[in-house]
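Worksheet: one structure, shown below.
The values are calculated or read from the model by the stated rules, or taken from the named source; none is laboratory data. Please read these numbers as outputs of a predicted model, since none were measured by experiment. Quick reminder, even Gly has a Cβ in these numbers, built from the backbone with ideal geometry, and neighbours come from all protein chains shown. What goes into the accessible areas is simple: the full protein's heavy atoms, side chains included, and nothing from ligands, DNA or RNA. Shrake-Rupley method; radii C 1.70, N 1.55, O 1.52, S 1.80 Å.
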Amino acid sequence: MTDVLILGGTGWLGSRIAERWLDAGASVTCLARGGRDAPYGARLVVADRDVEGAYDAVRGRDWDEIVDVSSRAAHVAGAATALSEWARHITFVSSVSAYAADDEPDADESAPLAEPAAAGDPYDYRREKAAAEAAVRASFAHRCAIVRPGLIVGPGDPTDRFGYWPARFALAGDGPVLVPDAPGARVQVIDVDDLADAIVALGRERFAGAVNAVGDSLRLADVLAQARAAAGHAGELVAAAPDWLVAQDVAYWAGPRSLPLWLPEDLPGFATRSNAAYRLLGGRLRPLSETLERVLADERARGLDRDRQAGLSRADELALIAALPPAPGRPADA
């Protein structure tokens, strides 16, 4: 039987990875703080990765595969040092944010990484992931897979970014929806279940190297059109200029009072990474329409008008629409 240790394994992506390994007949152990249960069939080892000796309970046993999803370089480095002699292979889930720059469309895995974070530096996600990758390579050499996802989407997404759009179109019904007037904006997503499947497949094959786990690069406008169609929205799309949105304190990308997935125009490479290696390795990319249907069903179950981690409240959105200067051909009271 394959013995798998997942460092995490109780969160959104980690639990799905654990479930896929369990489905494959593996014996799965999850090491986590214990705030959530491990998936049914997995063993939970409760440990705080900030504490010395966090890995003592899982040392001394041979692991066929380790999966680490942490965004803390110190956690990843500590685990890699403590467990490298006990594991045949490790898969570290990094991020396309580990790259040094986002200015080159279609950049592949050979693009330079950010300067790794050093102990004591202020937290910077990009540099933390780069440092974590370096730690994994230092301890595991050619026994490691580095998976760099882009925007992970799907049912249960705790960030609320992607789900904002199908939920908002469904909530609006025949009412207006505010969108950014950004015809050049791009989006690149991967379904969480496709990603989990790929991570398990790479671990099973003991793949060595790095791979961008990203979907095809799509126009944001086309993604919103598909989300709108999935939700059956019949109202007006109200496009606002980026400068005006920023002046109204509407944020890019994520978080409160934002228009999720929308990015500044000076990041042409962020959502246009090459996925050629991922496809060559057999990584699945399900149709966006399927992911949207799954996400919309999940959003309806969780509540279309619930408080969200990302996006505009409906009240704020309608207030912004009312304050928007009339566009040519658009009634002033639309």
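Observations, loosely collected:
- Charge dipole (debye, nearest 20) of the chain; +1 at Cβ of Lys and Arg, -1 at Cβ of Asp and Glu: 620 debye
- Neighbours of residue 74 by Cβ distance under 14 Å: Lys/Arg scored +1, Asp/Glu scored -1, total -4.
- If the Kirkwood radius is taken over C-alpha pairs of segment 1-99, then at 10 °C and 1.306 mPa s the Stokes-Einstein diffusion coefficient equals 119 µm²/s.
- Column: log10 I(q)/I(0), Debye, Cα scatterers of segment 82-163, q = 0.16, 0.27 Å⁻¹: -0.74, -1.24
- Note on the chain: with a GNM built from Cα contacts shorter than 10 Å, the maximum mean-square fluctuation among 121, 298, 62 falls on 121.
- Computed with a 1.4 Å probe over protein heavy atoms only, the accessible surface of the chain comes to 44 Å² per residue.
- Calculated SAXS-style log₁₀ I(q)/I(0) at q = 0.30 Å⁻¹ - segment 68-109, Debye, Cα scatterers: -1.08
- Bins of 10 Å from zero: percent of alpha-carbon pairs in the chain: 6, 24, 31, 23, 12, 4, 1, 0
- Kirkwood Rh, Cα atoms: Rg over Rh of segment 186-236: 1.19
- Cα-centred dipole magnitude for segment 1-40, charges only on beta-carbon of K, R (+1) and D, E (-1), debye, nearest 20: 160 debye
- Residue (of 164, 26, 73) at the positive-pole extreme of the chain, dipole from beta-carbon charges: 26
- Dipole axis of the chain (+1 Lys, Arg; -1 Asp, Glu on Cβ), positive-most option in 246, 209, 46: 46
- Three principal axis lengths of segment 172-307 [C-alpha, angstrom, descending]: 49, 36, 24
- Segment 84-240 - convex hull of the alpha-carbon atoms, volume per residue in Å³: 144 Å³
- When the chain is treated as a Gaussian network with alpha carbon springs shorter than 10 Å, the biggest mean-square fluctuation among 231, 24, 182 belongs to 24.
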